[in-house]
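A.B. asks: For reference, the structure I am asking about is given below.
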Ligand code: IDP
Ligand code: MG
């Protein structure tokens with residue numbers, strides 16, 4: 001029998017998503033698929049918090065630009081739950097690069113290259129149960 005342990009995921013509406021009034025659109029897609037909203041918070045993170053969140057990318061060429069992008073305005077953080085919610089929400093988000101993310105996905109439908117030199121893609125979603133637990137403790141301490 002299939003395991004039914006309920007999983008959780010951290011979702012962030014990144015500054016471009018908030019700026020472009022896409023917060024409700026993104027959450028609506030996740031809710032309509034059937035996942036359950038567990039927690040929600042408006043956040044204006046300092047650089048330390050963003051560095052903790054993106055620790056795995058520290059040292060990569062795009063890391064300083066990523067932190068600039070993520071500091072460019074408010075963020076909305078949320079926790080959703082459900083069986084296989086991580087795979088489900090990441091599928092709704094689409095590929096990292098919005099230019100080629102599949103149509104029908106959040107990044108594919110609403111994202112593009114704006115010429116900022118950064119990869120602005122509206123939404124963050126945890127990629128494993130371990131990441132989700134770590135990230136939820138950062139944003140919902
Ligand atoms: P993900 O958000 O799809 O999980 P990750 O590889 O974990 O993608 O990267 C985290 C974030 O860092 C991306 O969402 C994007 O904003 C940014 N990023 C990833 N790769 C690049 C890159 O090659 N250039 C610029 N920014 C990048
Ligand atoms: Mg990631």
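A.B. asks: Pick from 98, 64, 74: which is out of contact with any strand residue (DSSP E or B) (no Cβ under 8 Å at 6 or more places or on another chain) and surrounded by fewer than 19 Cβ atoms within 10 Å (Cβ to Cβ)?
C.D. replies: Exactly one of 98, 64, 74 is out of contact with any strand residue (DSSP E or B) (no Cβ under 8 Å at 6 or more places or on another chain) and surrounded by fewer than 19 Cβ atoms within 10 Å (Cβ to Cβ), namely 64.
A.B. asks: With (1) under 14 Å from residue 14 (Cβ atoms); (2) away from ligand 2 (no atom under 14 Å from the Cβ); (3) surrounded by 16 or more Cβ atoms within 10 Å (Cβ to Cβ) as the list, and residue 85 as the residue in question, which single condition is left unmet?
C.D. replies: It fails just one condition, (1).
A.B. asks: If residue 34 satisfies all but one of (1) out of contact with any strand residue (DSSP E or B) (no Cβ under 8 Å at 6 or more places or on another chain); (2) more than 22 Å from residue 134 (Cβ to Cβ); (3) modelled with pLDDT of 95 or more, what's the number of the condition it fails?
C.D. replies: Among (1) out of contact with any strand residue (DSSP E or B) (no Cβ under 8 Å at 6 or more places or on another chain); (2) more than 22 Å from residue 134 (Cβ to Cβ); (3) modelled with pLDDT of 95 or more, the lone unmet condition for residue 34 is (1).
A.B. asks: Under 9 Å between Cβ atoms, which residue pairs at least 6 apart in sequence (or on different chains) link something in segment 113-125 that is without any contact (Cβ under 8 Å) to a residue 60 or more places away in the chain with a partner that is within 13 Å of ligand 2 (Cβ to nearest atom)?
C.D. replies: If the second residue must be within 13 Å of ligand 2 (Cβ to nearest atom), the pairs left are 113/97; 113/119; 118/62; 118/66; 119/62; 119/66; 119/96; 119/97.
A.B. asks: Only residues that are touching a residue at least 60 places away in the same chain (Cβ under 8 Å) and in a helix (DSSP H, G or I): list them for segment 30-57, please.
C.D. replies: 30, 49, 52, 53
The values are calculated or read from the model by the stated rules, or taken from the named source; none is laboratory data. The model shown is predicted, which means the values in this text are computed figures rather than measured ones. In this analysis, Cβ positions are derived from the backbone assuming ideal geometry, glycine residues included, and neighbour counts consider all displayed protein chains.
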